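Written out below as structure tokens is the structure these notes cover.
The values are calculated or read from the model by the stated rules, or taken from the named source; none is laboratory data. Being a predicted model, the structure only gives us computed values, none of them experimental. In this analysis, Cβ positions are derived from the backbone assuming ideal geometry, glycine residues included, and neighbour counts consider all displayed protein chains. All accessible areas refer to the heavy atoms of the entire protein, side chains included, with ligands and DNA or RNA removed. Shrake-Rupley method; radii C 1.70, N 1.55, O 1.52, S 1.80 Å.
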Amino acid sequence: MSRAAPVQVRGEVLSLRRVGAYHAMTILAPGIAEHTRPGHFVALAVGGPDSGLLLRRAFSIYKTSDRGVYGGTVEIVFAVVGQGTAWLARRDVHDPIDVVGPLGHPFSLPKHPVNAVLVGGGYGTAPLLSLAEALRARGARVDFVLGAASEDRLFGALEAKRISASVAITTEDGSVGERGLVSDVLPGMLARSDCDVVYACGPMGMLAAVTEQANAHGALAQCAVEESMACGVGVCMTCVLPVIGEDGITRMVRSCVDGPVFRGDRVRWADVGTVPPDCLGAPAAGGQP
Amino acid sequence: MDLATTLGPLRLPAPVLTASGCAAAGRELAQFFDIAELGAVVTKSIMMAPRAGRATPRMAETPSGMLNSIGLQGPGVEEFLGHDLPWLAERGVRTVVSIAGGSVEEFALLTRRLRGAPGMVALEVNISCPNVADRGLVFACRAGSAAEVIAAVRREAPRDLPVLAKLSPDVTDIVEIAQAVVEAGANGLSMINTLLGMVIDVDRAAPVLAGVTGGLSGPAIRPVAVRCIWQVHAAMPHVPILGMGGVRSGRDALELVLAGASAVAVGTATFGDPSAPLRVQDELRHELAVRGFASLADAVGLAHRRGARVSGAVGAHVAVERDESGRDGAPDTRDEAR
């Protein structure tokens with residue numbers, strides 16, 4: 001398995017803009033863009049060197065540019081959900097920012113032209129747009145299903161339209177597209193596009209539903225999970241979830257280094273947040289000391 | 001600057017180590033810096049069998065700290081010996097193997113299994129992990145059980161293998177525990193493990209961590225580490241201490257050294273900065289140099305001698321000690337630096 005070694009660089013904020021309910025930040029980060037593939041992520045230090053916020057924040061990579069006057073850049077999309085992301089949203093152009101990347105296991109690209117459906121929930125669409133470009137470069141057909149709670153939380157719909165055969169949109173409040181969830185329209189899309197492979201990024205519940213529907217259609221699902229992480233590089237062991245290995249054995253694996261992209265049918269979605277009793281090293285009946 | 005240090009029989013060319021549980025088995029951090037430049041890598045605690053650990057969420061960020069509730073997830077000693085330790089040995093990394101057990105017997109079995117393992121320079125005995133279902137099994141919370149584990153490890157360990165006991169700050173009298181494990185054969189002490197803590201999500205009105213409680217680490221606990229090291233070094237100045245607890249910079253490392261630590265481990269800071277252990281080592285060298293120290297050894301426990309100087313008779317005694325040790329010249333420079 002090829003894996004680009006991550007680097008830690010002192011980057012610089014090049015731009016920060018609002019995109020609906022989200023923020024998109026472009027960071028000059030030499031040495032990262034050049035090795036990034038769709039599905040990789042970066043981990044940012046927040047709060048400055050003396051901050052009380054100690055843990056890195058992980059973000060999937062929306063876009064990269066590996067040339068130009070500035071050198072390599074990466075762009076991320078985030079929502080303000082806590083102190084760390086609030087700090088990010090207050091950055092000014094030219095502010096320094098410590099970046100580690102590219103991290104994780106990216107999406108696997110098919111060797112042959114396939115029909116692919118890309119499913120994004122909220123800003124989970126961000127890593128799927130560069131994936132769509134890579135798939136199209138390999139002669140794949142790409143269709144999108146994008147969902148969000150409301151229109152301002154729908155990301156990348158215009159861009160998706162430009163680079164795909166079709167885009168289906170759902171919002172929970174019906175403010176744009178069909179009212180409902182992506183899982184309400186995905187089966188129809190899988191049939192229409194004669195789908196071979198589904199790529200998805202979004203909340204766990206969405207990924208579980210996408211995997212089930214892809215399986216029912218006979219398509220493979222590749223899912224990028226959003227788990228909270230402290231480090232992003234594989235040392236903290238906080239971002240684990242139960243995944244079935246090639247040998248059929250379930251292990252608690254790190255979503256930062258073994259993911260964030262997993263084969264959907266390998267993840268025990270219903271057991272995420274637990275340690276299944278048949279997992280390797282699970283507490284024996286009666287509890288573990 | 002002479003950064004070489006000793007932890008009893010363990011001689012290290014450099015004084016900064018990784019803290020157990022914050023560096024896995026070294027491989028991930030080796031992507032960011034040369035881990036062989038550190039004093040040593042202390043591995044995540046190894047148990048006999050593979051262990052899945054606790055459910056998620058396992059982590060909560062807290063003011064200048066974090067709670068973790070990993071629950072000693074690990075591959076088991078056989079996988080560690082077949083996979084992790086050889087990788088470290090091939091790269092010339094000095095490795096302190098941390099072991100954890102659910103019983104005295106398991107600690108003894110682990111020690112026996114690890115005898116002669118390549119690259120292992122010491123054992124750190126984790127008798128203080130707070131993330132276990134039965135608080136009664138936090139051996140380090142009682143002098144008797146702490147000593148029992150260390151004695152069993154000492155019996156099984158080769159005579160020349162240094163054994164460090166990792167202590168919990170969550171005790172009434174850490175000096176009592178420290179004395180018990182030293183009497184039982186520990187060559188040195190690792191202080192401190194995390195403090196047991198808890199966070200409640202007020203919107204859900206429920207604990208944040210799936211395991212309910214977790215271990216608090218990070219700069220928030222550094223004063224506790226300094227206090228524990230200070231108390232134990234004051235009571236047993238000849239027992240070497242590997243200090244850890246909230247070290248994020250060379251200045252922080254120096255604080256633990258001045259309290260009595262002969263070496264310092266970097267833990268939680270690594271999550272925010274994967275280069276932190278080597279950065280702290282470089283910064284510590286600088287912090288010592290600007291204060292006029294010729295070596296790390298000159299700074300170990302110095303705050304005790306300083307504190308004593310202003311308090312009459314005890315101060316006179318310490319001044320004599322310093323004269324006997326032949327360390328001169330530095331004190332005046334240090335005064336200026338303060």
Practice item. Only bridges with both residues in the protein assembly as shown count here: give the DSSP antiparallel percent, nearest 5. Key: 50 percent
Study note, to complete from the structure: Residues meeting the amide H criterion for A:Leu118 (H placed from the backbone, H to H distance under 5 Å, 5 or more places apart or on another chain) are A:Asp143, A:Phe144, A:Val145, A:Tyr199
Exercise for review: Over the stretch A:229-289, give the accessible area per residue in Å² for a 1.4 Å probe, as an integer.
Suggested key: 38 Å²
Study note, to complete from the structure: Of all DSSP beta bridges with both partners in chain B, the antiparallel percent, nearest 5, is 40 percent
**Study point:** Theoretical gain in end-to-end length, A:Ala79 to A:Asp152 [0.36 nm per residue, Cα-Cα removed]
**Key:** 25.2 nm
Check your understanding: Rounded, prolate or oblate: which fits the protein assembly as shown, taking a ≥ b ≥ c as square roots of the Cα gyration tensor eigenvalues, rounded meaning a/c under 1.5, else prolate when a/b beats b/c?
Key -> prolate
Practice item. Might you tell me the accessible area per residue for the stretch A:107-226, computed with a 1.4 Å probe and given in Å²? Key: 41 Å²
Review point. Name the residues of the stretch B:61-92 whose accessible area falls by at least 30 Å² when all protein chains are present instead of the chain alone, probe 1.4 Å?
Key: B:Glu61, B:Ser64, B:Ile70, B:Gln73
Point to revise | Cα-Cα separations in the stretch A:134-181 greater than 17 Å, expressed as whole percent | key: 35 percent
Check your understanding: So how much slack lies between A:Arg67 and A:Ser228, counting 0.36 nm per residue of separation and subtracting their Cα-Cα distance, in nm?
Key -> 54.8 nm
Study note, to complete from the structure: Rounded to a whole %, the carbon-and-sulfur portion of the accessible area of the stretch A:7-103 at a 1.4 Å probe is 50 percent
Revision key, fill the gap. Rounded to the nearest 100 Å², the accessible area buried between B and A, both sides, probe 1.4 Å, is 3000 Å²
Practice item. Kindly state, to the nearest 0.05, the FRET efficiency for A:Ser175 paired with B:Asp203, given R0 = 25 Å and r defined as their beta-carbon distance. Key: 0.50
Practice item. Quick one: angle between helix B:276-290 and the longest Cα principal axis of chain B, in degrees between 0 and 90, rounded to 10, please. Key: 10 degrees
Review point. Just from its helices, what would the mean residue ellipticity at 222 nm be for the protein assembly as shown, if runs of 4 or more DSSP H residues each count -39500 (n - 2.57) and the sum is divided by every residue, rounded to the nearest 500 deg cm²/dmol?
Key: -7500 deg cm²/dmol
Practice item. Check cross-link reach from B:Lys44 to the lysines: straight Cα distance under 21 Å, and skip same-chain residues fewer than eight apart. Key: B:Lys166
Review point. Which of these, B:Arg305, B:Arg222, B:Arg251, has the largest mean-square fluctuation under a Gaussian network model of chain B (Cα springs below 10 Å)?
Key: B:Arg305
Practice item. Please identify, among B:Ala205, B:Ala49, B:Ala289, the residue showing maximal mean-square fluctuation in a Gaussian network model of chain B using a 10 angstrom Cα cutoff. Key: B:Ala205
Check your understanding: Each label point is 7 Å from the Cα along the Cα-to-Cβ direction; what then is the distance between the points at B:Thr6 and A:Lys161, in nm?
Key -> 7.6 nm
Point to revise | Length released on extending from A:Lys111 to A:Ala134, taking residue separation times 0.36 nm less the Cα-Cα span | key: 7.1 nm
Review point. Name the residues of the stretch A:235-272 whose accessible area falls by at least 10 Å² when all protein chains are present instead of the chain alone, probe 1.4 Å?
Key: A:Val235, A:Cys236, A:Met237, A:Thr238, A:Val240, A:Met252, A:Arg254
Check your understanding: Can you pull the accessible area of B:Cys141 for me, 1.4 Å probe, Å² to the nearest 10?
Key -> 40 Å²
Revision key, fill the gap. If the label point sits 7 Å along Cα→Cβ of B:Trp87, residues of the stretch B:2-37 with amide N under 18 Å come out as B:18-37
Review point. Mean shadow of chain B, computed from the convex hull of its alpha carbons, in nm²?
Key: 17.1 nm²
